[in-house]
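Here is the structure we will look at, set down as structure tokens.
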Amino acid sequence: MNLALETLRTAWRDPRGRLGGMVLLVVTVAAIVGPWLLPDPRAQPDILGGSLPPAIAHPFGTDQLSRNVLSRVVAGARISLSVALLAVALSVSLGAAVGLVSGYWGGTVDAALMRVVDGALAIPRLFILLLVLAVWERVTILALILLIGATGWFATSRLVRAEVLRIREEGYVWAAVALGAKRRRIIFWHLLPNALGPLLVAATLGVGDVILLEAGLSFLGLGIQPPTPSWGGMILDSKEVLVSAPWVGLFPGLAIVVTVFSVNLFGDALRDAVDPRSA
Amino acid sequence: MSGWLLRRAVQAAATFGIALTLLFVLMRAAPGDPLSRLGEDRPLSLREIEVLRARYGLDQPVVKQFGNFLEGLVRGDLGVSIEYGRPVTALLAERLPATVLLGGTVLLLNFGVGLWLGVRQAVRRGATEDRWLTALSLTGYAMPSFWLGLVLAWLVGVELRLLPAAGMQDPLLSSDAGALTRAGDVLRHLVLPAFTLSIVSIAATMRYQRTAMLEVLRLPYIVTARAKGLADREVIWRHAWRNALFPIITLFALWLPILVSGSVFVEAVFAWPGLGSLAAGAVGSRDYPLLMGASLLVAALVVVSGFLADIAYALLDPRVRLA
């Protein structure tokens, strides 16, 4: 655990880590507090008036249903961030579990698990999700989180497995084995904590990927369903007023760019903190 | 080498086998069956459902269905599209050329420009140019391709009227136009989708090349080359880059899924008549045989390109096949 904290501290000392981290903090706080301070994102005060350009009352303008775009972007942040964090928590846990089992037990278990991971990695995640979402019944947000999480652990399991293979040959693990440490102690006291650094990097970069993925699915009409505001769904809706009211789609897109950029910037700083050679 | 090659080929075949099994299981694990979505738009009578289930073989046991699916696959029969009512294989073959043209252009752009920029970054590691290029490529990577596509279509296609914002050919082009005019027309339509797809995916190439180049630049033989008094250009491109190019070959297989996924959105936004827009359309009409076929084709592409990348790597770097 100390190692993970130390990594976070090193990343924070990196100007990229600090910039990315602070922007993320602002976005997160806005997502949590914003909905209480801003007008109702579902309110349609003047549905016949059409879309209004940015002004003081509505800094990001209003959409074709006269809804406040800023309110909707902030409400969308709540959804997008929650989906991404929960889905990544799931996929990282799955990846860590499979990677630990595969790397620690080795042999047939390892071979079988890694063959399945190879096969799964051959199908782009987007296509797995397109197929499942197109065939399955109405998908709730919870189901969406589970699906995105369940399709994102393959590469993580490879990463953790490689770390475990490396760590289990370290002197301190040999020493622990020689001292008669139980399997559980070795896995949770030695292997997992020492693999946390790369896992943290993978998780951070995974959040950025999932935000983009969820936005893409919502853009195709498969992710978050209206009236729940989501960044991808807002861009989909903005298509019909692309020329007459470009701001409707511009701001949700910028929100995605700023958030994903910050996540990746922070992830980069973390990566360099974990493995200084890559800097 | 031949033993290694055989092992690797068997492995690739197994990977594809597992991928297609996974796809089949995923689809059959759905609550209800694939046809249940069809009734949403128009209520179907029980009789109609019976007939449809029989037509798509859904009334048979799952194991039998998997057998039929494999048998069809061997014969190159991927079933019939629900929306188009035509064989999936024919539809995929029809749409493949447009995607190959778009994907090939992006490939050239990314591996040409991306590798060059990656090398520049490694050489100027930590300098302002390196940091700016990293920031720019990360910005591109953070952009949703469909959003960038819409913004460019609006800005360049509608506001500035510089380039066509949709399609692959000008429908008003006279039918007796020469081959050169036609090619120019397709090229003009190609610019925006190719640019969009390249912007959102070039970061991976640059990042990878930068890291690989930094690894090599640390090695003693580079110091030797410099000590011999060779020109910078000579050291960087002839000595360092050649060795920093090997790892890039493996990137190709990693990068292909990114490209294919990106093209789903970009083709949909620009109405580019390729596999991506076919898949995006199939989503809307719940056309699962078509989605299944497209996923299988992509999986096959990924496996084959990974296999070819491994061979290329082994041919170029003997350490791999001897290890």
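Has segment A:174-192 got any residue that is within 14 Å of another protein chain (Cβ to nearest Cβ) and in a helix (DSSP H, G or I)?
Taking every residue of segment A:174-192 in turn, none turns out to be within 14 Å of another protein chain (Cβ to nearest Cβ) and in a helix (DSSP H, G or I).
Determine which member of the set A:Leu100, A:Leu159, A:Leu86, A:Leu165 is assigned to a helix (DSSP H, G or I) and either of a type in the set (Phe, Trp, Tyr) or within 14 Å of chain B (Cβ to nearest Cβ) (or both).
Answer to the selection: A:Leu159.
Residues checked against (1) modelled with pLDDT of 85 or more; (2) away from chain A (no Cβ under 14 Å); (3) surrounded by 13 or more Cβ atoms within 10 Å (Cβ to Cβ):
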position: B:Glu129; (1), (2), (3): yes, yes, yes
position: B:Leu133; (1), (2), (3): yes, no, yes
position: B:Trp154; (1), (2), (3): yes, no, yes
position: B:Gly157; (1), (2), (3): no, no, yes
position: B:Pro171; (1), (2), (3): no, yes, no
position: B:Ser175; (1), (2), (3): no, yes, no
position: B:Ala183; (1), (2), (3): no, yes, no
position: B:His189; (1), (2), (3): no, yes, yes
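In contact (Cβ under 8 Å) with a residue 12 or more places away in the chain and more than 11 Å from chain B (Cβ to nearest Cβ), is that true of A:Gly107?
No; evaluated as a whole, the condition is false for this residue.
Those residues that are surrounded by 21 or more Cβ atoms within 10 Å (Cβ to Cβ) and more than 10 Å from chain B (Cβ to nearest Cβ), I need them from segment A:222-233; list them, please.
Across segment A:222-233, the qualifying residues are A:Gly223, A:Ile224, A:Pro229, A:Ser230, A:Gly233.
Those residues that are surrounded by 16 or more Cβ atoms within 10 Å (Cβ to Cβ) and more than 15 Å from B:Arg210 (Cβ to Cβ), I need them from segment B:232-245; list them, please.
B:Val235, B:His239
Taking segment B:280-323, which residues are among the charged types (D, E, K, R) and more than 10 Å from chain A (Cβ to nearest Cβ)?
Passing the criteria: B:Asp310, B:Asp317, B:Arg319, B:Arg321.
So A:Ala269 passes all but one of these: (1) closer than 21 Å to A:Leu25 by Cα; (2) within 12 Å of chain B (Cβ to nearest Cβ); (3) modelled with pLDDT of 90 or more. Which condition number does it fail?
Status for A:Ala269: all satisfied but (3).
Identify all residues within segment A:238-257 that are β-branched (Val, Ile, Thr), surrounded by fewer than 22 Cβ atoms within 10 Å (Cβ to Cβ) and more than 8 Å from every other protein chain (Cβ to nearest Cβ); write none if there are none.
A:Val241
Could you list, in sequence order, the residues of segment B:129-181 that are more than 16 Å from B:Phe270 (Cα to Cα) and in a loop (DSSP other than H, G, I, E, B)?
Passing the criteria: B:Met143, B:Leu160, B:Leu172, B:Leu173, B:Ser174, B:Ser175, B:Asp176, B:Ala177, B:Gly178.
Among what's in segment B:33-59 and is assigned to a loop (DSSP other than H, G, I, E, B) and of a type in the set (Ser, Thr, Tyr), pick the residue that is modelled with the highest pLDDT.
B:Ser45
Can you find, within segment B:277-323, the residue that is modelled with the lowest pLDDT among those that are under 20 Å from B:Ala253 (Cβ atoms), in contact with a Leu (Cβ under 9 Å, 6 or more places away or on another chain) and of a type in the set (Val, Ile, Thr)?
Looking at residues that are under 20 Å from B:Ala253 (Cβ atoms), in contact with a Leu (Cβ under 9 Å, 6 or more places away or on another chain) and of a type in the set (Val, Ile, Thr), I get B:Ile311.
Given the criterion touching a Pro at 6+ places or on another chain (Cβ under 7 Å), surrounded by fewer than 16 Cβ atoms within 10 Å (Cβ to Cβ) and modelled with pLDDT of 70 or more, identify the matching residue among A:Arg67, A:Arg42.
Only one candidate qualifies: A:Arg42.
Under 27 Å from B:Val113 (Cβ atoms), touching a Pro at 6+ places or on another chain (Cβ under 7 Å) and assigned to a helix (DSSP H, G or I), is that true of B:Val302?
yes
The values are calculated or read from the model by the stated rules, or taken from the named source; none is laboratory data. Since we're looking at a predicted model, the values are computed, not measured. Neighbour counts are summed over all protein chains in view; Cβ atoms, including those assigned to glycine, are modelled from backbone coordinates with ideal geometry.
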